[in-house]
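Everything on this sheet refers to the single structure shown next.
The values are calculated or read from the model by the stated rules, or taken from the named source; none is laboratory data. From a predicted model like this one, the values you see are computed outputs, not experimental measurements. Note: ideal-geometry Cβ built from the backbone for every residue, glycine included; neighbour counts use all protein chains shown. Just the protein is used for accessible areas: all its heavy atoms, side chains included, with ligands, DNA and RNA removed. Shrake-Rupley method; radii C 1.70, N 1.55, O 1.52, S 1.80 Å.
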Amino acid sequence: MSTTRPANGRGRFAPYALGTCLLGLAATMVVFSGYAALLTEPVLGFVTTAFLALGLSVPLLRFGHATKEPGRREALLAVLLIWSIVPAVGAVPFVVTGGMSPLNALFESMSAFTTTGATALADFGAFTTSLFMWRAAAQWIGGIGIIVIFVSLFPHLAIAGRQLFFTEAPGPTEERLTPKLRHTAITLLTVYGGLTAACTLAYWAAGMSLTQAVSHSFSTLSAGGFSSEATSFLAFESRAVEWVGIVFMFLAGVNFALQYRAYTRRPRALLADAEFRAYLLTVLAASVAVAYFLWNGGGIGEAVRTAIFQVVSVITTTGYASADFALWGPPAQIVLVALMFVGGSAGSAAGGVKVVRWLIVLRQSSGEVRRALHPRAVLPVRLGSQVVPDAVVRSVAAFITLYVLLFALSTAVLAMLGTDLVTSFTAAIACLGNIGPGLAEVGPMESFAELPALGRAVLTFDMYAGRLEVVTVFAVLTRDWWRVPPRR
């Protein structure tokens, strides 16, 4: 049998992309091994992961091939494999050094790479400083997308990576900053990295230690929400730290492409964008409502700050907590739960449905109501001055249908396993929306470790599906996916 690779490289791109990412993970583990050694902390977990990732990457790279333009199936396969295998390998330090069970470690790692922030860690004293830093760094990597990062570093994937970038990138449109993906990815990383550096300095100036500032900036700009403190931001008891968090969480939920234009050429680009205006108004309206429900007739300042922090934290799917909102009254909790179904902006680090999708749904619904009165009227869906193509409207409808279906099934499974309905409901949306904490047994001061094992497995899948925009994962369940296309 000939071992010559086919000229078009069919079937070789996904192994090559996965091998490249695992090679990058191995290099990252070498860095963290050095960091742990510098802190005189255990290095075995990082060293083991480095060898495992390297051992897996070598045969994948030898077998794989960087085709110029992989087919859609290959691009999707690469995305699915990277977001499942890299978190699985990245979970090894949590087992070896952190002493977690394999299931809890996978839950923790998937939560990190998908920037969910839900934790199965019950004893924060079991983690070392370097392990907390790795958990936050994994969120930072996941925030911009593993695929985008590595595509931008390897020029020979620049053309092939176009589908990968837009498969992972959230939102219904394929808006580009520049003609070439590699340039686009570098531009986005520049904005992302610049905001991370600014956030680190701001946290440090506000009173955090340098280590805390770095790790929290990683999980803030990634909209991840992992904290090295068991009580999240409540542990710092600092208004300045909370306001820094509010500002940078809000920015993490804004389209990075839009921010690039605002920072470089068009300062008014933000307010000119329909999605940003809706995002801002939602934050303001929800903050006013929550502040009103929290205000007990005393000082309004604390109620306003707490309300803004939690509203921004939830809508951006960051999941930090400056208060235990699981203890709040039902009216304030209802507002937060509603925001869990909203999400941040398309093209941001935030998860969830995304604001732009809800805009499209609302405007399409409004058009249908008007069409009932004027059956012959031509009422296209518009965002700003742009007409939304029918294909995009259909894809949004399909996304929300599958999203709600998966959420309902997950809630039902958790409830049938014996979990109370509030915990089941909020745990499902918190993981599917990549938010992190929910209410009741999975509140911001609690851990997911007490949920049944099958429930944690279901929620791990929810995090995975939510990060990959659901439709990508459901594509594997179709008959067309398994039908081998004819060779050309």
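Using a 1.4 Å probe on the protein chains only, how many percent of the accessible area of the chain belongs to carbon and sulfur?
Roughly 66 percent of what the probe reaches on the chain is carbon or sulfur.
For the stretch 302-316, what does the Karplus curve 6.51 cos²θ - 1.76 cosθ + 1.60, with θ = phi - 60°, yield as ³J(HN,Hα) per residue in whole Hz, taken in order and with x for Gly and Pro?
So the J values, rounded to whole Hz, are 5, 5, 5, 5, 4, 5, 4, 4, 6, 5, 5, 4, 7, 5, 7.
THR401 to ILE186: extension gain in nm, 0.36 nm per residue of separation minus the Cα-Cα distance?
74.0 nm
Taking 7 Å along the Cα-to-C-beta vector as the label spot, tell me the ALA205-LEU477 distance in nanometres, rounded to one decimal.
4.9 nm
I need the peptides 353-359, 186-192, 389-395 ranked by packing, meaning the mean over residues of other C-beta atoms within 10 angstrom, with the highest value on top.
353-359, 186-192, 389-395
On average, how much accessible surface per residue is there in the chain, in Å², for a 1.4 Å probe, leaving out ligands, DNA and RNA?
43 Å²
Could you pull out every residue, at least 5 positions away or on a different chain, whose amide H is within less than 5 Å of the one on LEU439? Hs are placed 1.01 Å off N in the peptide plane, and Pro or chain starts have none.
For LEU439, the qualifying residues are THR426, ALA427.
From the phi angles alone, apply the Karplus equation (6.51, -1.76, 1.60; θ = phi - 60°) to the stretch 227-244 and give each ³J(HN,Hα) in whole Hz, x where the residue is Gly or Pro.
10, 7, 9, 4, 9, 6, 6, 4, 5, 7, 6, 9, 5, 4, 4, 5, 5, 4
Tell me the relative contact order for the chain as a rounded percent, counting alpha carbon contacts under 8 Å between residues six or more apart.
16 percent
Using the Karplus curve 6.51 cos²θ - 1.76 cosθ + 1.60 with θ = phi - 60°, work out ³J(HN,Hα) for each residue of the stretch 211-220 in order, rounded to whole Hz, and write x for Gly and Pro.
5, 5, 5, 5, 5, 6, 5, 4, 7, 7
What is the set of long-range amide H partners of LEU383 at a cut-off below 5 Å, with H atoms built 1.01 Å from backbone N?
VAL388
Label LEU373 and ARG394 with points 7 Å out from Cα along Cα→Cβ: what is the distance between them in nm?
With each label placed 7 Å out from Cα toward Cβ, I get 2.9 nm.
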